[in-house]
């Protein structure tokens with residue numbers, strides 16, 4: 001219920017995501033209890049029956065939902081999302097999607113993509129990966145004990161607890177470390193979550209002894225545990241480094257409830273939890289968890305951002321397919337006498353429930369990629385298609401109010417293909433010289449004429465990186481050497497900014513700035529520096545500055561960096577930041593191919609927030625020149641998503657490499673005027 005409220009955007013439970021942690025502990029408790037019970041009773045574990053039970057319990061319902069996700073994608077989502085959904089479904093069916101999501105969480109190019117329809121499968125993936133290994137470890141310990149004790153498995157709890165500790169302690173230590181250094185990845189990966197399942201397993205191993213607790217003590221600890229779980233939903237935030245130490249509050253609370261259950265009886269938490277409505281939700285919980293998230297994603301894709309009331313309505317509506325799946329798929333197969341009697345059949349059924357969605361998902365991916373020939377760089381294909389003017393080339397010398405840049409509903413063709421436009425980005429990403437958030441080194445790419453006597457350096461964040469194709473074309477024409485220094489969410493400014501990923505201070509940005517300034521001002525410095533950046537929130541110490549004070553700090557930081565460069569005789573060209581559409585243009589175009597005006601946005605509201613800061617910072621500075629090409633990006637009062645057959649933006653705030661390249665003649669003219 002906490003997870004459902006959290007996904008519905010209910011503001012008073014900002015930590016509702018801890019419901020997943022409760023699930024991990026409960027799952028560890030239940031499954032470990034089954035395994036250890038069989039070990040104590042028979043001295044062994046039937047792996048065939050164990051995995052057969054897991055298969056018939058989980059895979060049929062999951063298979064139904066994954067097939068539904070594919071159908072919903074084809075009929076209700078824009079085509080640009082089909083390929084990603086296909087791979088997401090495949091990785092979900094194989095219970096590996098948490099690793100895919102962990103990479104996406106730290107992939108700057110994926111930061112603007114819509115949430116996956118099967119993102120919620122990450123927790124099921126963690127659980128199933130754990131249970132591939134956990135029974136084997138317990139069985140190995142049991143066999144070792146039996147061999148040492150001449151066949152006896154009496155008092156096996158201590159060896160099993162030792163095995164549990166071998167898993168839990170390193171996992172928790174890794175969780176604490178990674179939550180502090182790489183929280184985006186730490187949230188999804190299995191190795192930072194295993195201790196939570198092991199914690200529940202530990203309670204299961206000693207539950208017999210816990211049942212002998214005094215009833216009042218058990219009740220008190222149970223209520224305290226329930227209070228810890230509920231408190232965590234109110235106290236934790238999305239910005240809290242997680243799991244790490246913060247996950248102890250909901251997990252230890254859950255463990256306390258489980259530990260107290262048998263001894264506390266009706267004076268413990270069972271007085272609240274053991275009632276028909278909550279038991280009904282519990283019975284339906286697996287199917288409800290599977291269904292609610294895809295329906296939320298589809299609803300917001302079709303109708304835009306929804307209010308909390310509407311999101312709650314969608315969650316409530318998901319109870320219908322959840323009940324149908326529970327009633328006609330989950331329970332009949334779960335309690336099938338045939339599948340219980342012949343475990344191999346259950347495994348075959350599980351394999352079928354995995355293979356069918358995977359094959360259909362692969363087919364969906366091929367439907368998208370085969371006709372379009374998706375490639376990582378659409379620009380090469382675009383230049384071979386024809387030699388007619390395209391993009392900004394169709395606009396006049398003074399493009400403001402040029403009707404050829406006005407929004408229209410239809411165009412005869414588009415470059416790049418709308419399905420693959422997100423891949424039309426500068427090659428600094430694929431070449432590995434665009435630094436990610438935790439990389440402080442001044443790594444560079446070199447383009448143009450390597451032995452040229454004139455070197456241009458492009459420096460800044462991803463909004464600077466989007467100008468790489470433009471400068472590549474200029475450098476090729478002028479026989480210049482082009483060097484790029486770019487880093488995700490990091491402006492070239494002597495100021496402490498907040499990370500866009502986690503909202504915390506961003507120390508590697510300051511370190512990167514120091515390293516880059518050393519390269520720009522030392523021996524062999526460039527002959528010209530080109531820079532730009534997006535807008536940032538500024539922090540002083542640990543205090544986030546309000547906007548006016550933050551703007552003043554950014555102006556001072558920009559000037560300090562530019563002054564260091566001009567002091568060695570190098571001119572600085574500051575490119576005015578580009579208009580901000582405020583919505584994912586690529587996805588909008590894919591959804592409205594014959595109504596492109598629905599993807600247009602107002603020029604007045606799209607003016608970049610950092611624009612006035614850049615203007616004021618450059619004002620009255622010697623050898624610093626501001627260049628504004630935004631009239632060629634948004635010529636009219638409504639900014640067009642497609643100009644001269646070229647899609648202007650690949651996401652919500654970055655130009656396509658193809659459109660950026662068509663701006664080369666204008667940037668060339670502006671720079672030539674500065675250098676004369």
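The values are calculated or read from the model by the stated rules, or taken from the named source; none is laboratory data. A quick note: this is a predicted structure, and the numbers were derived from the prediction, not measured. We place every Cβ from the backbone using ideal geometry, glycine too, and count neighbours over all the protein chains shown.
Quick rundown of the values:
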{"quantity": "Helices (runs of 4 or more DSSP H) contained in region 194-245 and holding at least 2 residues modelled with pLDDT of 95 or more and farther than 22 Å from residue 30 by Cβ", "calculated": "215-235"}
{"quantity": "Members of region 644-653 that are surrounded by 24 or more Cβ atoms within 10 Å (Cβ to Cβ) and either in a loop (DSSP other than H, G, I, E, B) or over 23 Å from the mean Cα position of the chain (by Cα) (or both)", "calculated": "646, 647, 648, 650"}
{"quantity": "Top-ranked residue in region 39-48 [being closer than 24 Å to residue 161 by Cβ and touching a helix residue (DSSP H, G or I) at 6+ places or on another chain (Cβ under 8 Å); ranked as surrounded by the most Cβ atoms within 10 Å (Cβ to Cβ)]", "calculated": "39"}
{"quantity": "When residues of region 295-331 are limited to those that are outside any helix (DSSP H, G or I) and under 23 Å from the mean Cα position of the chain (by Cα), the one farthest from residue 3 (Cα to Cα)", "calculated": "304"}
{"quantity": "Residue check, residue 513 under 25 Å from residue 578 (Cα atoms) and buried (at least 20 other Cβ atoms within 10 Å of the Cβ)", "calculated": "yes"}
{"quantity": "Check on residue 600, under 34 Å from the mean Cα position of the chain (by Cα), within 21 Å of residue 668 (Cα to Cα) and surrounded by 18 or more Cβ atoms within 10 Å (Cβ to Cβ)", "calculated": "no"}
{"quantity": "Given (1) surrounded by fewer than 23 Cβ atoms within 10 Å (Cβ to Cβ); (2) not assigned by TED's automatic domain parsing to the domain that holds residue 474, index of the condition residue 618 fails", "calculated": "(2)"}
{"quantity": "Pairs, first at positive phi in region 450-475, second not in a strand (DSSP E or B), C-beta under 7 Å, six or more apart", "calculated": "460/491; 460/492; 460/533"}
{"quantity": "Qualifying positions in region 489-512 - farther than 18 Å from residue 540 by Cβ, in contact with a strand residue (DSSP E or B) (Cβ under 7 Å, 6 or more places away or on another chain) and in a loop (DSSP other than H, G, I, E, B)", "calculated": "492"}
{"quantity": "So residue 164, is it assigned to a helix (DSSP H, G or I), in contact (Cβ under 8 Å) with a residue 12 or more places away in the chain and within 19 Å of residue 242 (Cα to Cα)", "calculated": "no"}
{"quantity": "Meets criteria (without any contact (Cβ under 8 Å) to a residue 12 or more places away in the chain, closer than 16 Å to residue 80 by Cβ and out of contact with any strand residue (DSSP E or B) (no Cβ under 9 Å at 6 or more places or on another chain)) for residue 592", "calculated": "yes"}
{"quantity": "Checking residue 564 against (1) within 30 Å of the chain's Cα centre (by Cα); (2) surrounded by fewer than 19 Cβ atoms within 10 Å (Cβ to Cβ); (3) not in a loop (DSSP other than H, G, I, E, B), the condition it does not meet", "calculated": "(1)"}
{"quantity": "Near pairs, Cβ below 6 angstrom, 6+ apart or cross-chain, from region 659-676 (under 13 Å from residue 627 (Cβ atoms)) to any residue that is at pLDDT 95 or above and not in a helix (DSSP H, G or I)", "calculated": "663/629; 666/629; 670/627; 674/625"}
{"quantity": "Residue identified as under 20 Å from residue 473 (Cβ atoms), crowded, with 22+ Cβ neighbours inside 10 Å and more than 22 Å from the chain's Cα centre (by Cα) among 450, 416, 426", "calculated": "416"}
{"quantity": "Condition check for residue 175: touching a helix residue (DSSP H, G or I) at 6+ places or on another chain (Cβ under 8 Å), in contact (Cβ under 8 Å) with a residue 24 or more places away in the chain and farther than 15 Å from residue 28 by Cα", "calculated": "yes"}
{"quantity": "Residues that are surrounded by fewer than 22 Cβ atoms within 10 Å (Cβ to Cβ), closer than 30 Å to residue 105 by Cα and either free of Cβ contacts under 8 Å to residues at least 12 places away in the same chain or within 23 Å of the chain's Cα centre (by Cα) (or both), drawn from region 247-266", "calculated": "248"}
{"quantity": "Number of the condition not met by residue 282 [criteria: (1) in the same structural domain as residue 65 (by TED's automatic domain parsing); (2) modelled with pLDDT of 95 or more; (3) closer than 20 Å to residue 200 by Cα]", "calculated": "(2)"}
{"quantity": "Every residue from region 516-527 that is touching a helix residue (DSSP H, G or I) at 6+ places or on another chain (Cβ under 7 Å) and surrounded by 20 or more Cβ atoms within 10 Å (Cβ to Cβ)", "calculated": "520, 526"}
{"quantity": "Unmet criterion (only one of (1) under 28 Å from residue 236 (Cα atoms); (2) surrounded by fewer than 19 Cβ atoms within 10 Å (Cβ to Cβ); (3) without any contact (Cβ under 8 Å) to a residue 60 or more places away in the chain) for residue 504", "calculated": "(3)"}
{"quantity": "Scope region 613-630; condition farther than 9 Å from residue 576 by Cα and assigned to a helix (DSSP H, G or I); matching residues", "calculated": "613, 616, 617, 618"}
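Matching residues to (1) loosely packed, with under 14 Cβ neighbours inside 10 Å; (2) in the same structural domain as residue 510 (by TED's automatic domain parsing); (3) at pLDDT below 95:
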site	(1), (2), (3)
403	yes, no, no
409	yes, no, no
420	no, no, yes
438	no, yes, yes
459	no, yes, no
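Here is a yes/no grid of residues against (1) free of Cβ contacts under 8 Å to residues at least 24 places away in the same chain; (2) surrounded by fewer than 22 Cβ atoms within 10 Å (Cβ to Cβ); (3) touching a helix residue (DSSP H, G or I) at 6+ places or on another chain (Cβ under 8 Å); (4) closer than 24 Å to residue 188 by Cα:
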{"position": "37", "(1), (2), (3), (4)": "yes, yes, no, no"}
{"position": "65", "(1), (2), (3), (4)": "no, no, yes, yes"}
{"position": "69", "(1), (2), (3), (4)": "no, no, yes, yes"}
{"position": "76", "(1), (2), (3), (4)": "no, yes, yes, no"}
{"position": "79", "(1), (2), (3), (4)": "no, yes, yes, no"}
{"position": "87", "(1), (2), (3), (4)": "no, yes, yes, yes"}
